[in-house]
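A quick write-up on the structure given underneath.
Read-outs throughout are calculated quantities, based only on the coordinates presented, and are distinct from any laboratory measurement. Keep in mind the model is a prediction, meaning the values are calculated, not measured. In this analysis, Cβ positions are derived from the backbone assuming ideal geometry, glycine residues included, and neighbour counts consider all displayed protein chains.
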Amino acid sequence: MNETGKKVTVDLYAAQMKWIAWYLPIVYVFYFVLIWLLNEPGIRSMSLLTFTFQTATIFMLICGILSSLAFLPMYVKHGVTRKSYFQGAFLSAIGLAISLIGITAIFTWIISIFNMPLFNEVVLSSLGENSWLLTIISYILIVIVYFLAGWLIGLGFYRYGGSGGFVSILAALVIVFLNDLLWEFFTPIPVVGYLTLSLPVPNVAIAIAGSIILAVITAVLVHKIVKDTPVKVA
Amino acid sequence: MTRKVEAKNIRVSYKEMEALSDISFTLESRKIVGLIGRNGAGKTSLLSILAAYRKATSGEITIDGEPIFENEKAVAQVTFVHQTDYKDEYDTVIQFFELAERYRPGFDRKYAEQLAEIFQLPTNKPLRKLSTGMQSAFNVTIGLANKTPITIFDEAYQGMDAPARELFYKEILEEQARNPRLFILSTHLVSEMEYLFDEVLIIHKGKLIVQEEMDSLLQKGFSVTGAMEDVEEVASALNVLSEKQLGGTKSVMVYGELTAETEADVKRKGLEIGNVSLQDLFIQLTKEGN
């Protein structure tokens, strides 16, 4: 990667981390309030990490949409190639996902060592009682897929306008749907959660491999769209 | 900073509409080039190709022999200033200076700040709060201060009042004297800006109809005035753009080389040869039916 690509990576990471600096505290407060007030087993057994992860999927989807609409024209205007933008946006999204899940994992762990009665019923994730590494890796991977889906939607609209945008929404929905399906057994998921579709899913390893494949396919699609997308004037 | 921009058979089409057809030209550095054309003539499409905002449907545009599109080295040489929608822009002028400083190696922060002062730009206000004229002044500031070898202003003066436009023109001339580069100015305000141009490109309905040095262009366009019959006789051999008549006196606007033979004929008949402005030429060359 060249110097410009690195610069874009660092700058996009910093810009989006500013959004995270707003977003994370709000989600944390929301979590504590919910667990304090609600006596619902579904909530009381949910760890901070799993709770944050669920909202983070949508947060990352929105980051993906904004990346194409706001950052692509800005960088091209400043004499940056689409290739450097793509590299920067992709790597910064990975950094974002790692930071988002990593920071939350640290807080979740801190809560767990205090052994407070309020959090007695909390289970880290449906991947298992003490599955820290597996949970962290899985969550990071899933939010990256959501970012890429958002990126695809944003670019579809930016490049092809209304009708093409809807096609990209459909494509993104299929990607997210497949991804959720892969993880159905292990995580409470935003999209498939509302459908009563239950297919047998073999194991976490396959889910991880499947998510990586989906991420690669989406990234390739995004790259194909971005590489010669025209930047609008005005 | 000698740069050569070369366009070869550029064609751009959007769905069914052909925006540019078969455009070829060469532009040398150290010149101020005026790009003029009517609304929808294809000016912005052409400039978008030049700034790598889009890829030509066919044909190629190069800087010093290197294709521009997705070429890190080439795109870094070009600044494209155009009207931009800042209604959702919360960043301030200063923040934009910082961005330019980071991505444009030639960005001259001191000069940018001087320009901000000249244009009385409020540097700590978010861009969305600036008036259209101020936003244009901001665009112009970035364009000048980037100091890229190729600087394009696409109707950059929108909303700027006459004194601000004058300052802008003056800055271009002064900057051209200090750090010569290739300026391309696309404009509607032909009469106001014609004194800036060294060379002129006129595009009409997606085609390049004129590329001339300013001096020779003005020599090619002239008027012939005198007695009706005499003028008509001379004009029959010339490319007449327009004619006016008052009583027995007629005046025609002509575009083309004046041969020695015709010149002698004009003198013999006692007709008067006059200058025409770029604006008049532009109007006549691009009027309906042409």
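Numbers below:
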{"read-out": "Global form of segment B:217-285, assessed from the alpha-carbon gyration tensor, a/c cut-off 1.5", "value": "oblate"}
{"read-out": "Average silhouette area of chain B, convex hull of alpha-carbon atoms, in square nanometres", "value": "17.6 nm²"}
{"read-out": "Hypothetical label at B:K15: residues of segment A:152-180 whose amide nitrogen lies under 13 Å (7 Å Cα-Cβ projection)", "value": "A:160-164"}
{"read-out": "Length-normalised contact order for segment A:3-226 - Cα pairs under 8 Å, 6+ apart - percent", "value": "25 percent"}
{"read-out": "Taking A:D180, B:D88, B:D64 and counting other C-beta atoms within 10 Å, the order from fewest to most", "value": "B:D88, B:D64, A:D180"}
{"read-out": "In Hz, Karplus ³J(HN,Hα) per residue of segment A:70-80 (6.51, -1.76, 1.60; θ = phi - 60°; x = Gly, Pro)", "value": "9, 7, 4, x, 4, 6, 4, 4, 8, x, 9"}
{"read-out": "Residues B:S45, A:S211 arranged by fewest to most Cβ contacts within 10 Å", "value": "A:S211, B:S45"}
{"read-out": "The protein assembly as shown - share of DSSP beta bridges that are antiparallel (%, nearest 5)", "value": "70 percent"}
{"read-out": "FRET efficiency, B:E28 to B:Q158 (Cβ-Cβ, R0 25 Å, nearest 0.05)", "value": "0.30"}
{"read-out": "Projected label distance in nm at A:N115 and B:E232, using a 7 Å step from Cα toward the beta-carbon", "value": "11.4 nm"}
{"read-out": "Assigned charges on the beta-carbon of Lys, Arg, Asp, Glu; chain A dipole about Cα centre (debye)", "value": "960 debye"}
{"read-out": "Within 10 Å of each Cβ in B:70-76, the average number of Cβ atoms from other chains", "value": "5"}
{"read-out": "Ranking of A:V8, B:V234, A:V233, A:V167 by count of other Cβ atoms within 10 Å, fewest first", "value": "A:V167, A:V233, B:V234, A:V8"}
{"read-out": "Lysines whose Cα lies under 23 Å from that of B:K287, excluding same-chain neighbours fewer than 8 positions away", "value": "B:K43, B:K205, B:K207, B:K220, B:K244, B:K250"}
{"read-out": "C-alpha center-to-center spacing [segment A:44-69, segment B:249-290] in angstrom", "value": "70 Å"}
{"read-out": "Peptide B:60-67, shielding by other chains (average Cβ, 10 Å cutoff)", "value": "0"}
{"read-out": "Viscosity 1.002 mPa s, 20 °C: Kirkwood-radius Stokes-Einstein D of segment A:17-136 over Cα pairs, µm²/s", "value": "134 µm²/s"}
{"read-out": "Rg to Rh quotient for segment B:133-290, alpha carbon positions, Kirkwood Rh", "value": "1.08"}
{"read-out": "For segment B:139-212 and segment A:84-128, distance of Cα centres in Å", "value": "53 Å"}
{"read-out": "Sum of -39500 (n - 2.57) over DSSP H runs of 4+, divided by residues of the protein assembly as shown (222 nm, nearest 500)", "value": "-17000 deg cm²/dmol"}
{"read-out": "Cα-based Kirkwood hydrodynamic radius, segment B:44-105, one decimal, Å", "value": "13.4 Å"}
{"read-out": "Calculated diffusion of the protein assembly as shown, Stokes-Einstein form, Kirkwood radius summed over Cα pairs, 10 °C and 1.306 mPa s, µm²/s", "value": "59 µm²/s"}
{"read-out": "Largest-first principal axis extents of the Cα set of segment B:1-118 (Å)", "value": "42, 35, 26"}
{"read-out": "Straight-distance crosslink candidates among lysines, where the alpha carbon sits under 17 Å from A:K83 and sequence neighbours closer than 8 are dropped", "value": "A:K6, A:K7, A:K224, A:K227, B:K55, B:K73"}
{"read-out": "Cα-based reach from A:K18 at 19 Å (exclusive), listing aspartates and glutamates while leaving out same-chain residues under 8 positions away", "value": "B:D88, B:E89, B:D91, B:E98"}
{"read-out": "Exposed trypsin sites (Lys or Arg not before Pro) absent: longest stretch of chain B, with sites in DSSP loops and at most 12 other Cβ within 10 Å deemed exposed", "value": "B:88-286"}
{"read-out": "Convex hull per residue volume in Å³, alpha carbons only, for segment A:3-226", "value": "127 Å³"}
{"read-out": "Exercise: per-residue mean of other protein chain Cβ atoms within 10 Å, A:71-83", "value": "6"}
